[in-house]
Amino acid sequence: MKSLVLAILYNKKKWSLADDLWAQGVHLDENYEKHIEESGKVLDRFLSKLFPGVRDYHERQEAFVLEHGYVDNAVGQRRRLPLPPEPQRSDKMAYKIYMRFKAHVINQAINYPIQSLASYVTGSALIDLEAAFLRQFKMSYLEFQQRIMAKKWPKMPLILLEVHDDLVLDIPKGMDRKTKEVTNDIMCSVPSLRKLLPAFDTPLNIDTIMGATWGLKS
């Protein structure tokens, strides 16, 4: 279901959607040609009846990038996506390459504002969470970095790495409850992002898993 919804949101067409579903063992019909037709029907129901705003967004982004050659994200960063002049249809190879590149440009115009904002959410969580831990343990950023470089690990939660939209922490024993509270508060509020982008008022929720090792529930 997740791959189906993401495929539709990011402008997959029925042929590509059908290929993805088939490869994952989801056969809407035993006959592959009918499977493609059924995939198209699913796509149409999703965009026309369930979430028509998604199709409207797709169409707005396509029209804008084809006219202007760029798109902006929520914080004003610009992605330039110029198209070369359209070749004559009589030059079949050049025209085929052009149409493939045009489809890529349109998909990037649709994806970029969404994906870049998602990266800002995680990036803000990284910055804000580290700052919250430093405040909690009364440590300056300079002292923290000096201790890290000297391998004199401070006894406090440490952010180890980012995995897509997840943060992995190393938590000293006895600090799990407080760390979970701080992490939930910061990752749901992302104050740096909301200060940068006051119009971003979308509620955020997170799940936390704690264990003796990464991903192993205790």
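The values are calculated or read from the model by the stated rules, or taken from the named source; none is laboratory data. Since the structure is predicted, the reported quantities are computational estimates derived from the model, not experimental observations. All Cβ positions, glycine included, derive from the backbone under ideal geometry; neighbour counts span all protein chains shown. Only protein heavy atoms, including side chains, enter the accessible area calculation; ligands, DNA and RNA are left aside. Shrake-Rupley method; radii C 1.70, N 1.55, O 1.52, S 1.80 Å.
Below are the figures for this structure:
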item: Selection from the stretch 63-114 of residues that are of a type in the set (Phe, Trp, Tyr) and closer than 23 Å to Ala199 by Cβ; result: Phe64, Tyr70, Tyr112
item: Flag for Tyr112 being in contact (Cβ under 8 Å) with a residue 12 or more places away in the chain, of a type in the set (Phe, Trp, Tyr), within 12 Å of Val65 (Cα to Cα) and surrounded by 14 or more Cβ atoms within 10 Å (Cβ to Cβ); result: yes
item: Those residues of the stretch 145-181 which are of a type outside the set (A, V, I, L, M, F, W, C), farther than 29 Å from Ala118 by Cα and surrounded by 11 or more Cβ atoms within 10 Å (Cβ to Cβ), in sequence order; result: Gln146, Arg147, Pro154, Pro172
item: Lone qualifier among Ser16, Ser48 - being touching a Lys or Arg at 6+ places or on another chain (Cβ under 8 Å), assigned to a helix (DSSP H, G or I) and open to solvent by 40 Å² or more (accessible area, probe 1.4 Å); result: Ser48
item: Residue satisfying all of: in the stretch 19-38; more than 24 Å from the chain's Cα centre (by Cα) and outside any loop (DSSP other than H, G, I, E, B); surrounded by the fewest Cβ atoms within 10 Å (Cβ to Cβ) among these; result: Glu33
item: Residues of the stretch 91-109 satisfying the condition of being buried (at least 16 other Cβ atoms within 10 Å of the Cβ) and either polar (S, T, N, Q) or in a loop (DSSP other than H, G, I, E, B) (or both); result: Asn107, Gln108
item: Residue within the stretch 2-10 that is more than 29 Å from Leu196 (Cβ to Cβ), in contact with a Phe, Trp or Tyr (Cβ under 8 Å, 6 or more places away or on another chain) and at pLDDT below 90 present; result: yes
item: Output for the stretch 3-49, where each listed residue is out of contact with any Leu (no Cβ under 9 Å at 6 or more places or on another chain) and under 23 Å from Ala109 (Cβ atoms); result: Val5, Leu6, Leu9, Tyr10, Asn11, Trp15, Ser16, Asp19, Asp44, Leu47, Ser48
item: Residue pairs meeting the criteria (Cβ under 7 Å; at least 6 apart or on separate chains; first without any contact (Cβ under 8 Å) to a residue 24 or more places away in the chain, in the stretch 183-210; second assigned to a helix (DSSP H, G or I)); result: Asn205/Cys188; Ile206/Asn184; Ile206/Met187; Ile206/Cys188
item: Residues (open to solvent by 70 Å² or more (accessible area, probe 1.4 Å) and touching a helix residue (DSSP H, G or I) at 6+ places or on another chain (Cβ under 6 Å)) located in the stretch 51-61; result: Arg55
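Yes/no matrix, rows are residues, columns are (1) touching a residue at least 24 places away in the same chain (Cβ under 8 Å); (2) closer than 30 Å to Gly25 by Cα:
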{"site": "Lys49", "(1), (2)": "no, yes"}
{"site": "Gly53", "(1), (2)": "no, yes"}
{"site": "Arg60", "(1), (2)": "no, no"}
{"site": "Gln77", "(1), (2)": "yes, no"}
{"site": "Tyr95", "(1), (2)": "no, no"}
{"site": "Phe101", "(1), (2)": "no, yes"}
